[in-house]
1. How would THR152, THR182 line up from fewest to most surrounding beta-carbon atoms within 10 angstrom?
2. Just for segment 71-185, what percent of DSSP beta bridges are antiparallel, to the closest 5?
3. Quick check on the chain: of the DSSP beta bridges with both residues there, what percent are antiparallel, nearest 5%?
4. Where a Cα-Cα gap under 30 Å defines reach, which lysines qualify for LYS130, not counting those fewer than 8 residues away within the same chain?
5. Ranked highest first by the average count of other Cβ atoms within 10 Å around their residues, in what order do 96-107, 59-70, 194-205 fall?
6. Sorting HIS227, HIS249 on the 10 Å Cβ count, fewest up front, what's the list?
7. If we count other beta carbons within 10 Å of each Cβ, what is the order of ARG114, ARG214, fewest first?
8. Any idea what the dipole of the chain comes to, in debye rounded to 20, about its Cα centre with Lys/Arg Cβ at +1 and Asp/Glu Cβ at -1?
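Coordinate-derived values only; no laboratory data. The structure presented is a predicted model; accordingly, all values stated were derived computationally and were not measured. Cβ: placed from backbone, ideal geometry, glycine included. Neighbour counts: every protein chain shown.
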Amino acid sequence: MIILKIGGGEALNLDGIIEDLSEQQRPFMIVHGANALRDQIAQQMGFEKTVITSASGYQSVFSDNQALDAILMAYSGLRNKRLVELCQQKGINAVGLSGIDGRIVQGQRNRGIRVMENGKKMLKRDLSGKPKSINASLLNLLLNNDYVPVLTIPIVDEDGYAINSENDDIVCALQAALDAETVIQLIEAPGFMGDINDPASLETVLRREELAEREQQVEGRMKRKMHALNKLATSSVREIIIADGRTDHPVADALAGGGTWIK
């Protein structure tokens, strides 16, 4: 089985991605982002996103009620249903879902994020958390009857409230629950780059044991992504592919050896 994670950037070739998937013989499900769309909607709502950095150096988007409304509109609303529409046009019988539907992704709300502000440690609480369990029986019910789940945030907390979470963490939880052999991550870059400004710096192969060291070398959002990638690499997954989602055939190119393969 394939878990395909589609990033949330503007430049991704969604038509090409779904066209490729329509020819895929292996079972698959989609997890998608919508960060660029969320930022647009937030501006239209009259506010800007707030990024916070934990004391340990990991960045995340601060999620209050207003930010969560933007997430609901962008991720589980517009982007999710447009992707389902594309799937239906290409003969893929997709079902659009968020983590709160059927408690597909059961999470635990963060008790607080330790941040540094003005040289002092503070505890910030928001509407975010980490996935703790997956409703695999519901996903398998869909997959075994030839439906394709198209999944995104929010997830659900212990008391049934919608909370924000990282799609990278959700992919880790899904892989463990469904025992997926392949995880493909489509991004707005050729793959893992030694220098993001140098196209020739693409690293075509990374060893799993390298990832912990790489996590220490990066900052900001990439640090959190590398942490989740390192966790995923310690699972039963056979292959992880980080590839360019902007090409004419993003999925086909990735499976043919494109991007960065973590083995």
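1. Ordered by Cβ neighbours within 10 Å, fewest first: THR182, THR152.
2. The antiparallel proportion sits near 65 percent.
3. Numbers: 20 of 47 bridges.
Given both bridge residues lie in the chain, the antiparallel proportion sits at roughly 45 percent.
4. LYS5, LYS49, LYS81, LYS120, LYS121, LYS223, LYS225, LYS231, LYS263
5. Going by the mean number of other Cβ atoms within 10 Å, highest first, we get 96-107, 59-70, 194-205.
6. The fewest-first ordering by Cβ neighbours comes to HIS249, HIS227.
7. Values: ARG114 11, ARG214 16.
By the 10 Å Cβ count, ascending: ARG114, ARG214.
8. Details: 29 positive and 35 negative charges, 196 e Å.
Value, rounded to 20: 940 debye.
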